[in-house]
Amino acid sequence: MDPRIARTRSSLQQALLELARERPLEAITVSDIVDRAGVNRSSFYQHYSDKEVLLVDALDSATEEAAESLEPMAELPEGPPEALIVYLRHVDANADLYRVALGDSGSAPVIARVRDRIEAVVRDAVAASGLAQQPGLPVDILAAGIAGSALGVVRAWLVRDPRPSVETAAEWMWRVITGPKDGWGLRAR
């Protein structure tokens with residue numbers, strides 16, 4: 001990608017995230033975004049059709065950045081990888097935005113894109129790790145399950161009041177997606 005395009009998109013994404021920390025998403029206009037980003041309105045529309053498409057791209061970029069720092073694993077670590085903590089720090093810093101975007105009345109395109117990106121990260125991580133998969137469990141099914149679980153944990157974490165720490169959320173998510181050693185504590189009666 002042309003560095004100027006990448007720079008403009010990054011500026012617009014950062015502007016939206018900054019503004020969303022200051023006020024509700026519905027109160028932010030394209031004019032607000034371009035003013036904060038220091039670009040003109042036509043530049044915005046060269047890259048994005050509307051604010052929601054920009055939001056999807058901004059949240060997707062955050063997921064991608066965290067994925068880039070994910071180290072290949074020869075075996076699952078005891079605790080959450082640093083890349084997960086980095087990602088959840090981003091979510092925490094933009095909690096109001098994520099709460100709205102991923103909530104019950106949230107944006108379907110945003111939810112779909114975040115879920116798709118998490119699925120891609122899981123597929124790539126499994127392929128790069130060489131970890132043994134469960135027989136009969138296709139990697140796309142595993143990725144879909146982990147993505148759904150991860151989004152569920154994020155949503156539940158974001159609505160808690162007070163919201164627990166990033167480290168607590170990372171631990172919860174890691175336990176949910178890797179499964180507890182006792183099989184969830186469920187036993188046949």
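When we screen Ala95, Ala188, Ala108 for residues that are out of contact with any Pro (no Cβ under 6 Å at 6 or more places or on another chain) and at pLDDT below 85, the only hit is Ala188. Considering region 3-39, and only residues there that are at pLDDT below 95 and assigned to a loop (DSSP other than H, G, I, E, B), the residue that is farthest from Pro109 (Cα to Cα) turns out to be Arg23.
Whether a residue is under 18 Å from Arg175 (Cβ atoms), β-branched (Val, Ile, Thr), outside the structural domain of Arg21 (by TED's automatic domain parsing) and in contact (Cβ under 8 Å) with a residue 40 or more places away in the chain was assessed, and Ile85 passes this test.
Residues in region 19-73 that are under 15 Å from Tyr98 (Cβ atoms) and either among the basic types (Lys, Arg) or touching a residue at least 60 places away in the same chain (Cβ under 8 Å) (or both): Ala20, Arg21, Pro24, Leu25. Kindly check whether there is at least one residue in region 128-149 that is within 25 Å of Arg23 (Cα to Cα), at pLDDT 85 or above and either of a type in the set (Val, Ile, Thr) or in the same structural domain as Arg23 (by TED's automatic domain parsing) (or both). No, every residue in region 128-149 fails to be within 25 Å of Arg23 (Cα to Cα), at pLDDT 85 or above and either of a type in the set (Val, Ile, Thr) or in the same structural domain as Arg23 (by TED's automatic domain parsing) (or both).
The values are calculated or read from the model by the stated rules, or taken from the named source; none is laboratory data. Keep in mind that what you see is a predicted model, and the values were worked out from it rather than measured. All Cβ positions, even for glycine, are placed from backbone atoms using ideal geometry, and neighbour counts span all protein chains on display.
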